[in-house]
Amino acid sequence: MSAPTGPRWAWSGSSACPDEVAFESLAACLRPMTLENDALGHQKVMDSLDALTDLTDDRIGRGNAKMRADWATATERHRNTRGGKARAYNVAVGDVSSPEAVDRATDLDLAYAWLYQDSVHGDLPDFDEFDARDRYQAAVHVCSGIAVVAIESLAYIRFLVEQGKLSLPEDAFTVDVVVTEPEWTLPGQAYVGDLGIDLSGTDMTQVPAGMKSIHELLGPSSTDRPDDDPVID
């Protein structure tokens, strides 16, 4: 934030936001955790954690309750009430010549407007009086807060497993969930047949009945043809 200049009430500030395309990926991963009807919704996850841990242990009871409260705070919003809930700030826009004609919104209003209007385009535009940058800036701080709780939840679950308080399969922490190799080769056989051939129970080590090898279908390759033969692409 820069130093105040001009009249005593005047101020200016600056902030930088992450690349929007990259941030959309983060928001998409977080979105299921914020939905009550999703299998990954935080309420269902916390219910499962309560069921899998010993709540008679005071430390676990307090830890689970703290994690549940953090999720409730990070995802709280008044969906159908514009201006009903703010996380950190409110925004107002209007014409200085008409101070009564002011449009107001909270950071939560703008954050979810970016998510559902600008990003996934699921809602009709309803906050167009605010700049797209305002919506995105709000989304960055709101979604980042949810991401922090998600990371804390993972650390908490890891701690419970390490302390022998929670039993989970090892692959819950080791199986890759991202593609790290953009190119790969899969050796195999390719066959072609009429549409609708039933392949159930087929011995895949043999040519399926009614099908031909892709090599039989294509015939000799262009490298097998005399130089003066036409090659059809």
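The values are calculated or read from the model by the stated rules, or taken from the named source; none is laboratory data. Worth saying up front: this structure is predicted, and the values here are computed from it rather than measured. Cβ sites come from the backbone with ideal geometry, for glycine too, and all protein chains shown count toward neighbours.
Okay, here's what the table says:
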item	result
Residues of the stretch 39-70 that turn out to be over 14 Å from LEU166 (Cβ atoms), more than 25 Å from the chain's Cα centre (by Cα) and not in a helix (DSSP H, G or I), as a count	1
Filter result (closer than 21 Å to HIS141 by Cα and of a type in the set (A, V, I, L, M)) within the stretch 25-81	LEU26, ALA27, ALA28, LEU30, MET33, LEU35, MET67, ALA69, ALA72, ALA74
Selection within the stretch 90-136 - more than 22 Å from ALA27 (Cα to Cα) and part of a loop (DSSP other than H, G, I, E, B)	ASP95, VAL96, SER97, SER98, PRO99, GLU100, ALA101, GLU129
Any hit, the stretch 160-181, residues being more than 21 Å from the chain's Cα centre (by Cα), assigned to a helix (DSSP H, G or I) and not acidic (Asp, Glu)	yes
Pairs where the first residue, in the stretch 183-196, is under 19 Å from LEU218 (Cβ atoms) and the second is among the aliphatic types (A, V, I, L, M) and part of a loop (DSSP other than H, G, I, E, B), C-beta under 9 Å, 6+ apart	GLN189/MET204; GLN189/VAL207; TYR191/VAL207; GLY193/LEU199; GLY193/ALA209
Exclusive hit being within 23 Å of SER14 (Cα to Cα) and modelled with pLDDT of 90 or more, set ASP134, ASP103	ASP134
Filter result for ARG68 (farther than 20 Å from SER15 by Cα and basic (Lys, Arg))	yes
